[in-house]
Amino acid sequence: MSEGKRLFSLEFFPPRTPEAAQKLRVERRQLAQLKPAFCSVTFGAGGSTREGTLTTVLEIRDEGLNGAPHLSCIGSTRENIRAVLAQYRVAGIRHLVALRGDLPSGTAGVGEFRYASELVEFIRDETGDWFHIDVAAYPEVHPQARSAQDDLDNFKRKIDAGADSAITQYFFNADAYWHFVDAAATRGIDVPIVPGIMPIASFSKLARFSDACGAEIPRWIRRQMESYGDDVASVRAFGIDVVTGLCEKLLEGRAPGLHFYTLNQASLTTTVWQRLGLA
Ligand SMILES: Cc1cc2nc3c(=O)[nH]c(=O)nc-3n(C[C@H](O)[C@H](O)[C@H](O)COP(=O)(O)OP(=O)(O)OC[C@H]3O[C@@H](n4cnc5c(N)ncnc54)[C@H](O)[C@@H]3O)c2cc1C
């Protein structure tokens, strides 16, 4: 869906069981009513969900929506990636989210690609302009980056290698996003940098995940969420207020759209989307 030139999109992960796949179809049916510009589907590093990613993307396409598979390169060979790209081309897919990925702990070897910039370069060399390529961006700095400057240099490398646009890691502090966008602009980066939006379904899960991926939960949000304990309804209501407020700030500014991490659940994303008046 677009409002002017802004793009509003959704993200899913591949279901692991037939029951989860069926549940996801039901959730997607509800989310399809929001008319997202595209729906992306994550990819397990090392290829663990490769088939699941493709199957889910094809289902999304058959439901009349644009599907965009994520493709991570860590642990892969050029030959593996070439085969996946060929599979996607045959299926008529034109949009990818190109990532390095994280190997599950205990997995050895990084394969033939070290960084996402190398993957983007490879995709362009192999397939020219066939794919629209999104890459990841980190307003609060990737946890393994040596410095914020290094991380920005890396982001520029991905754009210079041929990425068309970016989706950010989620964040709850709009200033971090504006600062990143301004810093990117001073480096001559002019592609759309779309904020990734994480609806808050469960505070304990969000806190665990945020620690791992380097996203900061501001103290005022953390303390308020902690005070609700097991009161799921209050967590949900407060989370919706926080995320809607963040989205409003981003849309009042220059954000070129929003990308919602749905966690395969329709209700929170739908509520925020409707409160923003996007539906
Ligand atoms: C929108 C989005 C979608 C995602 N989807 C998935 C998914 O589907 N599957 C999945 O497994 N993961 C996914 N992730 C997580 C992502 O794979 C991890 O954050 C991963 O650790 C980094 O991936 P990247 O593509 O950003 O890596 P890169 O851009 O390669 O960066 C990784 C790190 O290396 C550093 N770096 C890069 N180049 C150099 C260099 N030349 N020299 C020194 N340091 C360098 C960077 O600063 C950064 O710290 C997603 C993340 C986002 C934001």
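In region 96-105, the qualifying residues are those that are surrounded by 14 or more Cβ atoms within 10 Å (Cβ to Cβ) and of a type in the set (Gly, Ala, Ser), and the one that is farthest from the ligand (Cβ to nearest atom) is 98.
Against the list (1) under 18 Å from the mean Cα position of the chain (by Cα); (2) within 12 Å of the ligand (Cβ to nearest atom); (3) at negative phi, the condition residue 150 fails is (1). The single condition among (1) more than 17 Å from the chain's Cα centre (by Cα); (2) free of Cβ contacts under 8 Å to residues at least 24 places away in the same chain that residue 206 does not satisfy is (1).
Where residues in region 146-176 are in a helix (DSSP H, G or I) and touching a helix residue (DSSP H, G or I) at 6+ places or on another chain (Cβ under 7 Å), which of them is farthest from residue 98 (Cα to Cα)?
So, considering only residues that are in a helix (DSSP H, G or I) and touching a helix residue (DSSP H, G or I) at 6+ places or on another chain (Cβ under 7 Å), the one farthest from residue 98 (Cα to Cα) is 174.
If the condition is being assigned to a loop (DSSP other than H, G, I, E, B) and either aliphatic (A, V, I, L, M) or at pLDDT below 95 (or both), then region 36-50 contributes 37, 43, 44, 48, 49.
A quick yes/no check of all residues on (1) modelled with pLDDT under 95; (2) exposed (fewer than 14 other Cβ atoms within 10 Å of the Cβ):
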site: 52; (1), (2): yes, no
site: 82; (1), (2): no, no
site: 107; (1), (2): yes, yes
site: 114; (1), (2): yes, yes
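Please work out if residue 93 is free of Cβ contacts under 8 Å to residues at least 40 places away in the same chain, within 13 Å of the ligand (Cβ to nearest atom), buried (at least 16 other Cβ atoms within 10 Å of the Cβ) and on the phi < 0 side of the Ramachandran plot. Criteria not met by residue 93. When region 142-159 is filtered for residues that are free of Cβ contacts under 8 Å to residues at least 40 places away in the same chain and farther than 12 Å from residue 189 by Cβ, the ones remaining, listed by number, are 144, 145, 146, 147, 148, 149, 150, 151.
Return the only residue of 202, 227 being hydroxyl-bearing (Ser, Thr, Tyr) and closer than 17 Å to residue 270 by Cα.
After ruling out the rest, the residue left standing is 202.
Candidates are the residues of region 119-145 that are more than 9 Å from the ligand (Cβ to nearest atom), part of a loop (DSSP other than H, G, I, E, B) and among the aromatic types (Phe, Trp, Tyr); the one that is farthest from residue 76 (Cα to Cα) is 130. For region 58-72, a residue qualifies if it is touching a Ser or Thr at 6+ places or on another chain (Cβ under 9 Å) and either farther than 8 Å from residue 39 by Cα or within 12 Å of the ligand (Cβ to nearest atom) (or both), and the qualifying residues are 68, 69, 70, 71, 72. Residues in region 67-80 that are crowded, with 23+ Cβ neighbours inside 10 Å and out of contact with any Gly (no Cβ under 7 Å at 6 or more places or on another chain): 67, 68, 69, 70, 71. Of the set (1) within 19 Å of residue 265 (Cα to Cα); (2) in contact with a Lys or Arg (Cβ under 6 Å, 6 or more places away or on another chain); (3) not charged (D, E, K, R), all apply to residue 41 but (2). Of all the criteria given as (1) surrounded by fewer than 19 Cβ atoms within 10 Å (Cβ to Cβ); (2) touching a Cys at 6+ places or on another chain (Cβ under 7 Å), the one not satisfied by residue 10 is (1). Among the residues of region 168-198, those identified as out of contact with any Pro (no Cβ under 8 Å at 6 or more places or on another chain) and small (Gly, Ala, Ser) are 174, 183, 184, 185, 188, 196. I'd like to know if region 249-258 contains one or more residues that are touching a Pro at 6+ places or on another chain (Cβ under 8 Å), closer than 26 Å to residue 26 by Cα, in contact (Cβ under 8 Å) with a residue 60 or more places away in the chain and part of a helix (DSSP H, G or I). No: zero hits.
The values are calculated or read from the model by the stated rules, or taken from the named source; none is laboratory data. Because the structure is predicted, anything quoted here is derived from the model rather than measured. Cβ coordinates were reconstructed from backbone atoms using ideal geometry, including for glycine residues, and neighbour counts include every protein chain displayed.
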